[in-house]
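The block underneath contains the structure these notes are about, expressed in structure tokens.
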Amino acid sequence: MTPRERILAAMNFEIPDRVPLMCQMSIGHMLQQLPNISPVEFWFDVKTFAEGLIQLRELYNFDGILISLHGHFKNWREIYNQIEKRDNKEIVYLQDRKLIFTSEDLPLPEFYSPREFPSSELDLINIPEEIDYIPVSSGLHFNIDLSNKFEVVELIYKKVGEEFSIHGEITSPFDYFLDLLGYENALISLIENPEKCKLILQKFTNGLAKLTREMCDQPIDAIKISSPFAGAGFISPRFYQEFVLPFESQIIQAIKEKNKFVYLHTCGAINDRLELMIESGTSGLECLDPRPLGDVDLHEAKKRLGKKVFIKGNIDSVNTLLHGDENRIISNVKEIIEVGKPGGGFILSTACSIAPFVPQKNVRILFELVNEYGKY
């Protein structure tokens, strides 16, 4: 089997030759493995980013590539031309904030003035009809060039073709909502002004559904919906059902209508909402963080999920890959493969992103383990 065929078989609950391996990586981890690349160039330059993703896939022998950023501006050097280099940092100055780049993790945004406000003050007309940014992290936006949304996909496809599985990424409407209002104000607004919140969420959903359909027309096999704040650490199952599920379901439907696979990525504790997540119609679930990062037991989850959704997970990137020695890594990963492997529908991956300072050798061993213990 080719790596792409292996991933497709797992997502379709067919039996591949072995368990596929495909981890997502934090920006920090990528930069640690690409020490000669400027963090600013890796973030803004489409060719640098695409070539970096290809190089990292080769380094770790992953069966696929996740493209987490898209819509790079060709003229980014003209747009982001106020760059200061200080110590080991690169600082980009923007109109309302500055971005501090290091090789350790995501750029850190610092705003010149407060930006939070209650939902009651928000005019829906100010939410764009066409989504032109990605809320990567708190206050950190990756702006999308609407005339060049998917050049990064084209560049990667030209290099890897049909051999490897290519996955795109869309961010949940709930993340856009939290980012727009500020986390505290947004969560309070869910209680104080729920109907207005739903209107905001629907406006974002409409724009994201359009963007998603366009992404599905690219040479990708699946789309990850990044929904990190939909776990028990932020909202209850009831609020998940009311403010997350209806909106993510619309995006999932749009993806499946295009005959692409889709999987939900939610960090932390989700044991109390696994069945609710399935109600979205998703093809798969990613993360399923084990304790102490989350609260999911993979053996129990396999029983509850059955063949309704494939699983992509659930290696603890911190306690196993970052802090664990070789014996612990082998023991933990071998057990995860043995639990996830039966019946197919399983892709070996870190639960969440590979943490920035995970040693390269601790990731490279995953390929050895999946070949030794993952054969069907």
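The values are calculated or read from the model by the stated rules, or taken from the named source; none is laboratory data. Small disclaimer: the values here were computed from a predicted structure and weren't measured. Positions of Cβ are generated from backbone atoms using ideal geometry, with glycine treated the same way; all protein chains shown enter the neighbour counts.
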Scan Phe310, Phe357 and give me the residue that is hydrophobic (A, V, I, L, M, F, W, C), over 23 Å from Ser165 (Cβ atoms) and at pLDDT 95 or above. Phe357
Mind listing whichever residues of the stretch 29-42 are in a helix (DSSP H, G or I) and more than 25 Å from Asn362 (Cβ to Cβ)? Val40, Glu41
State yes or no: is Pro342 closer than 30 Å to Ser249 by Cβ and over 23 Å from the mean Cα position of the chain (by Cα)? yes
Go over the candidates Ile225, Ile270, Ile235 one by one and state the one that is touching a Ser or Thr at 6+ places or on another chain (Cβ under 9 Å) and either modelled with pLDDT of 95 or more or of a type in the set (S, T, N, Q) (or both). Ile225
If I filter the stretch 269-313 down to residues being over 17 Å from Glu338 (Cα atoms) and of a type in the set (Val, Ile, Thr), which single residue comes out as surrounded by the most Cβ atoms within 10 Å (Cβ to Cβ)? Ile270
Anything in the stretch 223-252 that is touching a residue at least 60 places away in the same chain (Cβ under 8 Å), assigned to a loop (DSSP other than H, G, I, E, B) and buried (at least 21 other Cβ atoms within 10 Å of the Cβ)? List them, or say none. Gly231, Val244
All but one of (1) closer than 18 Å to Asn12 by Cβ; (2) assigned to a helix (DSSP H, G or I); (3) in contact with a Leu (Cβ under 9 Å, 6 or more places away or on another chain); (4) not β-branched (Val, Ile, Thr) hold for Ser349; state the number of the condition that does not hold. (2)
Hits in the stretch 281-297 - residues which are assigned to a strand (DSSP E or B) and at negative phi: Gly284, Leu285, Glu286
Just give me the residues in the stretch 87-114 being aliphatic (A, V, I, L, M) and in contact (Cβ under 8 Å) with a residue 60 or more places away in the chain, in sequence order. Leu106
In the stretch 325-343, is there at least one residue being assigned to a strand (DSSP E or B) and in contact with a His (Cβ under 6 Å, 6 or more places away or on another chain)? no
Answer with yes or no whether Leu276 is over 18 Å from the mean Cα position of the chain (by Cα), over 22 Å from Gln241 (Cα atoms) and not charged (D, E, K, R). no
Residue among Glu58, Glu84 that is free of Cβ contacts under 8 Å to residues at least 24 places away in the same chain, more than 24 Å from the chain's Cα centre (by Cα) and either on the phi > 0 side of the Ramachandran plot or not in a loop (DSSP other than H, G, I, E, B) (or both): Glu84
Just wondering, is there one or more residues in the stretch 137-155 that are among the β-branched types (Val, Ile, Thr), touching a residue at least 40 places away in the same chain (Cβ under 8 Å) and in contact with a helix residue (DSSP H, G or I) (Cβ under 7 Å, 6 or more places away or on another chain)? yes
Can you tell me which residue is surrounded by the most Cβ atoms within 10 Å (Cβ to Cβ) among those in the stretch 7-28 that are in contact with a Pro (Cβ under 6 Å, 6 or more places away or on another chain) and either of a type in the set (Val, Ile, Thr) or in a loop (DSSP other than H, G, I, E, B) (or both)? Ile7
Which members of the stretch 92-144 meet the condition of being modelled with pLDDT of 95 or more, outside any strand (DSSP E or B) and of a type in the set (A, V, I, L, M)? Leu106, Ile131, Ile144
Condition first: surrounded by fewer than 20 Cβ atoms within 10 Å (Cβ to Cβ), of a type in the set (Val, Ile, Thr) and in contact with a strand residue (DSSP E or B) (Cβ under 8 Å, 6 or more places away or on another chain). Now tell me which residues in the stretch 29-78 satisfy that. Ile54
Given the conditions (1) among the β-branched types (Val, Ile, Thr); (2) in contact with an Asp or Glu (Cβ under 7 Å, 6 or more places away or on another chain); (3) within 30 Å of Leu155 (Cα to Cα), report the number of the one that Val296 does not fulfil. (3)
Say we look at the stretch 163-194 and pick out the residues that are modelled with pLDDT of 95 or more and farther than 24 Å from Ser280 by Cβ; which of these is surrounded by the fewest Cβ atoms within 10 Å (Cβ to Cβ)? Glu163
Given the criteria of a type outside the set (A, V, I, L, M) and free of Cβ contacts under 8 Å to residues at least 40 places away in the same chain, does Pro219 qualify? no
Restricting the stretch 93-145 to residues that are among the polar types (S, T, N, Q) and touching a Lys or Arg at 6+ places or on another chain (Cβ under 6 Å), which is surrounded by the most Cβ atoms within 10 Å (Cβ to Cβ)? Ser119
